[in-house]
1. Check which residues have an amide H placed less than 5 Å from residue 50's amide H, if you skip close sequence neighbours.
2. If each residue's Cβ is checked for other Cβ atoms within 10 Å, how do 88, 116, 63 rank with the fewest at the top?
3. Which ³J(HN,Hα) values, rounded to whole Hz and listed in residue order, are derived for the stretch 87-96 from phi using the Karplus coefficients 6.51, -1.76 and 1.60 in 6.51 cos²θ - 1.76 cosθ + 1.60 with θ = phi - 60°, glycine and proline given as x?
4. Could you tell me which GluC sites (Glu not before Pro) in the stretch 10-114 are loop residues by DSSP with no more than 15 other beta carbons within 10 angstrom of their beta carbon?
5. For residue 81, what charge total do you get from the other residues with a beta carbon under 12 Å from its beta carbon, if Lys and Arg give +1 and Asp and Glu give -1?
6. In the stretch 65-104, which chymotrypsin sites (Phe, Trp or Tyr not before Pro) are in a loop and have at most 12 other Cβ atoms within 10 Å, using DSSP for the loop call?
7. Eigenvalues of the Cα gyration tensor times 5, then square-rooted: what semi-axes does that give for the stretch 20-121, in whole angstrom, largest first?
Amino acid sequence: MSPARKSPTRRGRDIGLDVRPPRGTCDDRHCPFHGRLPVRGQVLEGIVVSTAMQRTAVVERTLLHYLPKFERFEKRRRRYLAHSPPCLSLAPGHRVRIAETRPLSKLVSFCVVQDLGVVALVPKGEELKPPPAETVPPTEEERGT
């Protein structure tokens with residue numbers, strides 16, 4: 001006899017994307033994991049800028065656009081309003097993955113499906129500089145006086 005295999009326990013329903021369901025649970029009907037909201041279309045990544053609205057997050061993406069006349073790139077940004085289920089508990093500064101849904105309101109057509117963790121808010125190409133070391137004045141013995 002072979003031992004019975006345990007099926008993996010799922011905390012939420014399968015939404016059709018390769019993302020892990022959140023650890024917490026919620027009773028939000030617009031949650032793709034615990035409610036009945038289907039996701040379809042685009043899947044984007046961005047950084048949460050604000051969570052001041054109820055169950056809605058402002059997600060910003062920074063893009064580089066090439067200008068052939070000047071042979072350089074310019075920075076452009078796009079902000080999306082995305083539904084934020086309470087089971088994800090997002091905060092500004094988190095990198096998230098959002099998926100397109102049916103329109104939930106006039107401006108909200110995306111839903112946050114995965115929290116990718118906190119990111120350092122340092123632009124690409126710039127390095128973190130260590131804090132300056134404290135300068136200690138030389139002692140009398142070092143000065144030779």
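1. Placed amide hydrogens put 58 under 5 Å from residue 50.
2. The fewest-first ordering by Cβ neighbours comes to 63, 116, 88.
3. Values per residue, Gly and Pro as x: 6, 8, 6, 7, 9, x, x, 7, 8, 10 Hz.
4. 71
5. Spelling it out: positives minus negatives among the neighbours equals +3.
6. Those that pass, being in a loop and sparsely packed, are 70.
7. Values for the stretch 20-121, descending: 28, 15, 11 Å.
Rule-based calculations on the coordinates, nothing more; no lab input. Worth saying up front: this structure is predicted, and the values here are computed from it rather than measured. Counting neighbours? That spans all protein chains shown, and the Cβs are built from the backbone with ideal geometry, glycine included.
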